[in-house]
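Structure record follows, encoded as structure tokens.
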Amino acid sequence: MKDNKLIAEFMEHEPIVKGDDVYYELNHIRLTSEDDLRYHTSWDWLMPVVSKITRDEQYWEEDYREYLMDIVPYGHIEDTYDAVVEFIKQYK
């Protein structure tokens, strides 16, 4: 998913390029493509992103951060994922 790549970049997880081999490495796990990124299906992947947005002082003045904070307690993973993606797009 295109937005998973956006989140990975926001989290400063850049692809590793070695010759023709391009992959991501997160938590010592080698992911062979963007399709292996699981921000859209796993709370374990998504919540560190939410935590970065809600706890980092540089984002405290962002209006969309408040929306994200309202969604998290009640939202399904799809809603939280969409709110995270919107925050990143607004922030950039």
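The values are calculated or read from the model by the stated rules, or taken from the named source; none is laboratory data. Here the structure is a predicted model, which means the values were calculated and not measured. We place every Cβ from the backbone using ideal geometry, glycine too, and count neighbours over all the protein chains shown. When the accessible area is computed, the model is the full protein with side chains, heavy atoms only, and any ligands, DNA or RNA have been set aside. Shrake-Rupley method; radii C 1.70, N 1.55, O 1.52, S 1.80 Å.
Charge tally around Lys2: other residues with Cβ under 15 Å, Lys/Arg +1 each, Asp/Glu -1 each, net -3. Of the trypsin sites (Lys or Arg not before Pro) found in the range 1-50, the ones in coil according to DSSP and having at most 16 other Cβ atoms within 10 Å of their Cβ are Arg38. Between Arg30 and Glu61, what FRET efficiency follows from the Cβ-Cβ distance if R0 is 35 Å, with the result rounded to 0.05? About 0.40, to the nearest 0.05. Could you state the angle between the C-alpha long axis of helix 77-91 and the longest principal axis of the C-alpha atoms of the chain, as a value from 0 to 90 degrees rounded to the nearest 10? Value to nearest ten degrees: 90. Amide H contacts for Leu26 (H built 1.01 Å from N in the peptide plane; partners 5 or more residues away or on another chain; cut-off under 5 Å): Leu31.
Taking the 1.4 Å solvent-accessible surface of the chain as the whole, the part contributed by carbon and sulfur is 46%.
Given the DSSP H assignment, sum -39500 (n - 2.57) over each helix run of at least 4 residues in the chain and divide by its residue total; what's the result at 222 nm in deg cm²/dmol, nearest 500? Each step should come with its number before you reach the end.
Values: 4 runs with 46 residues, N = 92.
For the chain, the value works out to -15500 deg cm²/dmol.
In order along the range 51-64, the Karplus-derived 3J(HN,Hα) couplings, from 6.51 cos²θ - 1.76 cosθ + 1.60 at θ = phi - 60°, round to 4, 4, 5, 7, 9, 7, 4, 5, 9, 4, 8, 7, 4, 5 Hz, and Gly and Pro are given as x.
Near Leu46, within a Cβ-to-Cβ distance under 13 Å, what is the net charge of the other residues, with Lys and Arg +1 and Asp and Glu -1?
On the way: positive: Arg38, Lys52; negative: Asp3, Asp44, Glu78, Asp79, Asp82.
Result for the local shell: -3.
Annotation: the chain has a Kirkwood hydrodynamic radius of 13.7 angstrom, from the mean reciprocal C-alpha pair distance.
When only DSSP loop residues count, what chymotrypsin sites (Phe, Trp or Tyr not before Pro) in the chain have their Cβ near at most 16 other Cβ atoms within 10 Å?
On the way: sites: Phe10, Tyr23, Tyr24, Tyr39, Trp43, Trp45, Tyr59, Trp60, Tyr64, Tyr67, Tyr74, Tyr81, Phe87, Tyr91; in loops: Tyr39, Trp60, Tyr74.
Here the sparse-neighbourhood loop sites are Trp60, Tyr74.
Enumerate by residue number the GluC sites (Glu not before Pro) in the range 1-58 meeting two conditions: DSSP loop (anything except H, G, I, E, B), and at most 13 other Cβ atoms within 10 Å of the site's Cβ. Filter output for the range 1-58: Glu12.
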